[in-house]
Every structure is written in C-alpha cells, then in structure tokens.
Amino acid sequence: MKYIDGFRNPGAAAALREDIQSLAAQLPPSDRTTNIMEICGSHTMAIARYGIRDIVPEPINLISGPGCPVCVTDAGYIDAAIELARRGITVVTFGDMLNVPGSDTSLAAVRSEGCPIEVCYSPLRALELAKETPDKEIVFLAIGFETTVAPSIAIIDQAIEQGIENLSILVAFKLVPPALAALGSDPELRIDAFICPAHVSAIIGADAYTPFTGEGGVPCVIAGFEPLDILLGLKGILTQLVNGVAEVDNQYSRVVTAKGNAKAQALMDKYLEPADVSWRGIGVIPLSGLALKEEWSHYDAEKRHDIEVQIGTMNPACRCGDVIKGISSPFDCPMFGKTCTPNHPFGPCMVSSEGSCAAYYKYSR
Ligand code: SF4
C-alpha cells in the first residue's frame, strides 16, 4: 500500500504538474502542437483514468498510438482463427479476442454456433488441453507484442520437451521498434517524442530505442503506469525538448534494464525470426513481426492446417485504423458512444480493455 501511495502522492503530482507547465512555456515557438505519442495500451488506460490529458497545458498533445495488441491484429487473422474453429479444431484464446470483428463475424459469434473455442487466462491452458485431449488438434492464438511472445512460445518449448504433437500456434506477434520507425517517419503524424512501453521495454531493454534518438531523432522516455510515473515521463520529455536533445531516458529503471530480459530474448531467437506483418489500420510494416522458423513448422498452425492469414476487411464506418495510427481521436468517430459502445462495439478499439475508444469511453466522456 505504501508503494501505491508513493506513486499517487498528490503533493508530488502537483509539483510535477507545475514543472510540466513551466517547461511547456519554455518550448520553442511553433505553429503546431507538440505531439507526444504513447504506444502502450496500459499507458493509454492510465492517461485516461488519471485525467492526465486534461492537466497538460497547450501546446502539448498526447496521442494514443498502436499499443493495444488486440486492436492492431488484422481482421484476416480473426478470419483464419474462425476458419480453424469451423473445421472442428479447438481454438484457445484470451477473452479480449472473442468480440473483435473479423471481416464478416467474430469468434464469439461462431462459438455461440457451437464451434470449439476456449477462453484462457494463460497460454499454459492450451498446453494442458493438448495433453488432456490427445485425439484433438489444439491451436493457441498467439498475438501480442514482445511482452507476450516469450510466454506464448514457451508452450511450444514445453510441448517439444514433453513430446506433445497436437498443439500449434497461430502467430501474430508484433514488434514495437519497427512500428516506432514507421510512425516516427510519417509526415502526417509529426511525432515529437515517444512515451515508450513499460512491459515491452522490460523484455527488449532501454537500448532498443537508441536508433530513434540523437541527430534527427526524438526523445524516447520509458515510463511506468502509475500517475507519477507518467508525469515524470512527461517532465523528462519536455526537459529534452526544451534543451534540444533526443535521448533514451529510462524512468522505469525499477523494472527495465539497458539490455532487457536475456532469457526471454534467447527463447524468442531459438524459435522465431523477423517477418513482414500487417497491422490493422496501418498496413504491412517490413520486419515488424515474428514468425516461427521453418524448422518448427510442425507447430505453426498456418502450415500444419494449411490455412493462410490474409488481409481482412474492416467495417468502413469504423475509424479504428486512424485511431490506432494516432491521426484521429475516438471523439472524431461519429459512432463513438452512440452506436459504438463497449456493450455493442463496432471495432477492436472499443472491444479491447486496452483500446483507445474503450479508454475514452470509460474515463473521458
Ligand atoms: S468508436 Fe467504435 S466505430 Fe468508432 S473508431 Fe472506435 S471502435 Fe471504431
């Protein structure tokens, strides 16, 4: 409890707010806003929950980027998972994926028709199911950023060790640094700084952001999820912008190291290799994902079950693509809070508990 109190101390928050206001007033004159993007769904929720967007002064513009792993998963991936379930293959997934729209329908809808779809809280459930039902094929929906890659791939490691043959994974892993490169070079966005994701950074390490800093780069600050973490991160970014520098600043050093988690990285290197992948709303970013290496294709659901993940189609009225990219706010979507709500979501940004539309709906209406 003391730990929580320490990171939510009102006096410290007020002092940081004053520092942020003072630094914002010292920013070089500009005819546009200072665009700071967070690329972690947990930061998106925390910024909305603690009202931080409301207390930062002009010209600071806090933008939510593609930090929600469910939201950036292409509709075509959902289509492939649905096809597997329709063939009678048991699909194991985290609950957030159930209501995400594919091109025509959702996993929840086909589950209600009787297709075998199991909701899990850990990838280990898929391994258990494979052991419990050796006569059935089990596919785990392996999505997410670097944070979730190692736990997902660990079930394949264990399956190999235990001689389990009826388990495979449908891979849609995404990597944060290539997304930063794509977003940072997008002239439409004009990103001035990144609040780097906390959990992902614990895996890849603070040094992973060095290529985005220095001459022509932008400040990259790693922040935790408590209110003071985020305010400290913003203060760090503004300090760099005022001083005209662009460095990696690890404000979450109680968790994140310079080199990251070597054990998780070794597991990823053993089984996976970089691949071009499609991000919902953004399109294909070169080498921005991970695929199973050829030698492990027995555990690759696409190859094992002869199915191809294709680019899906989205409801054209949903603006998730622009929201994920940071060029629109959920408020810009005419369906937000009217026809699209958490109970009746049209797009993944409203479905996912870490989606921008869900965060704005819950805390910012
Ligand atoms: S409010 Fe709904 S329809 Fe609009 S962008 Fe968000 S998820 Fe899509």
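Each Lys and Arg Cβ is given +1 and each Asp and Glu Cβ -1; about its Cα centre, the chain then shows a dipole of about 920 debye. For segment 56-187, the dipole from Cβ point charges (+1 on Lys and Arg, -1 on Asp and Glu) about the Cα centre works out to 100 debye, to the nearest 20. Our note on the geometry: Cα centres of segment 55-98 and segment 253-299, 17 Å apart. Given the pairs 174/338; 174/303; 136/270; 235/263; 235/362, which are separated by over 23 angstrom at their Cα positions? Pairs exceeding the cut-off: 174/338; 136/270; 235/263; 235/362. With a ≥ b ≥ c the root eigenvalues of the C-alpha gyration tensor of segment 179-310, is it rounded (a/c under 1.5), prolate (a/b larger than b/c) or oblate? In terms of gyration-tensor shape, prolate. Normalising the average separation of contacting C-alpha pairs (under 8 angstrom, six or more residues apart) by the number of residues puts the relative contact order of the chain at 23 percent.
Exposed loop sites, defined as GluC sites (Glu not before Pro) outside DSSP H, G, I, E and B with at most 11 other Cβ atoms within 10 Å, are absent from the longest region of the chain, namely 1-112.
Select from segment 33-111 those trypsin sites (Lys or Arg not before Pro) which occupy a DSSP coil region and have at most 15 other Cβ atoms within 10 Å, ordered by residue number. For trypsin sites (Lys or Arg not before Pro) across segment 33-111 that sit outside H, G, I, E and B with at most 15 neighbouring Cβ atoms in 10 Å, the list reads 87.
Taking only the C-alpha atoms of the chain, Rg followed by Dmax gives 20.8, 67 Å.
Taking N as the residue count of segment 320-363, its C-alpha radius of gyration divided by 2.2 N^0.38 Å amounts to 0.96.
Under the rule a/c < 1.5 gives rounded, and otherwise a/b versus b/c splits prolate from oblate, where does segment 77-190 land using the Cα gyration tensor? Oblate. What does the helix-only formula give at 222 nm for the chain: each DSSP H stretch with n ≥ 4 adding -39500 (n - 2.57), the total divided by the residues, and the result rounded to the nearest 500 deg cm²/dmol? So the helix-based figure for the chain works out to -11000 deg cm²/dmol. Could you please report the charge total around residue 305, scoring K, R as +1 and D, E as -1 over all other residues with beta-carbon less than 14 angstrom from its beta-carbon? With Lys, Arg at +1 and Asp, Glu at -1, the neighbours total -3.
Read the figures in this text as sums done on the coordinates, not as results from a lab. A quick note: this is a predicted structure, and the numbers were derived from the prediction, not measured. All Cβ positions, glycine included, derive from the backbone under ideal geometry; neighbour counts span all protein chains shown.
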